[in-house]
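So the structure is just underneath, and the comments pick up after that.
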Amino acid sequence: MHIPSIEVHKAATLQEASALLGRFSPDVRLLAGGTDVLVDLKTARFSVGHLVALGGIKKLRGVTEERDGLRIGALTTITELDRSPLVAGAYAALRDATSRMATPQVRNAATVGGNVAGAVPCADLPPILIAMNATALLSSDKGERTVALEDLVVGPRTTVLRDNELLAAVNVPRPPERFGAAYARFGLREANAIAVAGVAVALALNDDRTVRSARIALCAVAPAPKFVKEATRLLVGRVLDERACAQAAALAMEAAEPISDLRGSAEYRRELVGTLTRRALAAAHQRIGR
Ligand SMILES: Cc1cc2nc3c(=O)[nH]c(=O)nc-3n(C[C@H](O)[C@H](O)[C@H](O)COP(=O)(O)OP(=O)(O)OC[C@H]3O[C@@H](n4cnc5c(N)ncnc54)[C@H](O)[C@@H]3O)c2cc1C
């Protein structure tokens, strides 16, 4: 397995990266941590003549606290996100994903941008980000736009990004009072195994403990991360008792569009979605506390 001859262009700014994408499209890919794109090139999943390396764009790195929430630069590595002191309190649910994906070596190189915009169906960050109502900041030499994270990915390795656009950052809004979130995943091993199914839940409660908002998102069980809209309608205004959890789990199972592969059958994945939804609901609810 050799990587074919490729020209690598080092971009120093977002504008430069965008211009290079526009110039070489469609014969081009972005190179962030390289943990997916280099494997794909080696295994000839696709071939391109050009890579635009993002490593020199300082503006894309790091986690910062803004007035309305957390800004996670696209080049922030999974390890940096996992260890950020800003990922605390209600934001700490992000660690359910960052602490469990891949291996420490991979997490040191893999970036948030690659995990989200790479649009691989089993990627672990998208469900918890969608549940937490995150948005994606897309940037090009023509300007910026924001899309809800659930609208970014439309199929396997396919996003709404235009030819000259890249993901600059993910913004996670400041969680409201009485908020809890959790991500539950199942892999065939404890470490270094991609998710067979994953479910993220974010809940906010009213003073009387009824549900004020609820968001459930799935991964690895559909061509793209799946936001289970119907679960929001089902849960809002109710107390999160066993019946409500069972009904939400049933809705998530219905929303899943799993395939059968070497990691599990479609039926098995659908069952997992039910179990993981109940687990994530319980964990998110418990994190809200009294
Ligand atoms: C051994 C191994 C185990 C793994 N296990 C897991 C796992 O358990 N869970 C999991 O979720 N992932 C896993 N992965 C996949 C991978 O590590 C992650 O998806 C990673 O976060 C991708 O980020 P990257 O920076 O390496 O992306 P790259 O490989 O550099 O890029 C991946 C894709 O994203 C695009 N891209 C990158 N940055 C941007 C941007 N800013 N804007 C637009 N497009 C962009 C690239 O063009 C490319 O198409 C594993 C990988 C390996 C090799």
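The values are calculated or read from the model by the stated rules, or taken from the named source; none is laboratory data. Remember, it's a predicted structure, so these values are computed and weren't measured experimentally. We place every Cβ from the backbone using ideal geometry, glycine too, and count neighbours over all the protein chains shown. Quick note on the areas: whole protein, heavy atoms, side chains included, nothing else; ligands and nucleic acids left out. Shrake-Rupley method; radii C 1.70, N 1.55, O 1.52, S 1.80 Å.
Below, the figures for the structure above:
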item	result
Residue in region 238-252 that is touching a Gly at 6+ places or on another chain (Cβ under 8 Å), of a type in the set (A, V, I, L, M, F, W, C) and crowded, with 24+ Cβ neighbours inside 10 Å present	yes
Residue that is within 16 Å of L161 (Cβ to Cβ) and among the β-branched types (V, I, T), where the choices are V87, V52	V52
Any chance A109 is touching a strand residue (DSSP E or B) at 6+ places or on another chain (Cβ under 9 Å) and free of Cβ contacts under 8 Å to residues at least 60 places away in the same chain	no
Filtered residue count, region 182-207, keeping only those that are of a type in the set (D, E, K, R) and crowded, with 16+ Cβ neighbours inside 10 Å	1
First in region 243-263 and outside the structural domain of T210 (by TED's automatic domain parsing), second anywhere and open to solvent by 60 Å² or more (accessible area, probe 1.4 Å) and at pLDDT 95 or above, Cβ under 8 Å, 6 or more apart	none
Residue in region 28-36 that is closer than 16 Å to S139 by Cβ, at pLDDT 95 or above and open to solvent by 70 Å² or more (accessible area, probe 1.4 Å) present	no
Residue match in region 143-154 (condition: within 11 Å of the ligand (Cβ to nearest atom), assigned by TED's automatic domain parsing to the domain that holds R100 and surrounded by fewer than 22 Cβ atoms within 10 Å (Cβ to Cβ))	no
Verdict on R189 being basic (K, R) and under 19 Å from R95 (Cα atoms)	yes
Residue satisfying all of: in region 96-116; within 6 Å of the ligand (Cβ to nearest atom), assigned to a helix (DSSP H, G or I) and in contact with a Leu (Cβ under 7 Å, 6 or more places away or on another chain); least open to solvent (accessible area, probe 1.4 Å) among these	G113
Residue count for region 37-62, restricted to those that are assigned to a strand (DSSP E or B), crowded, with 21+ Cβ neighbours inside 10 Å and more than 9 Å from the ligand (Cβ to nearest atom)	0
Flag for L81 being within 14 Å of the ligand (Cβ to nearest atom) and among the aliphatic types (A, V, I, L, M)	yes
Sole residue being over 21 Å from R107 (Cα atoms), surrounded by fewer than 16 Cβ atoms within 10 Å (Cβ to Cβ) and among the hydroxyl-bearing types (S, T, Y), chosen from T210, T159	T210
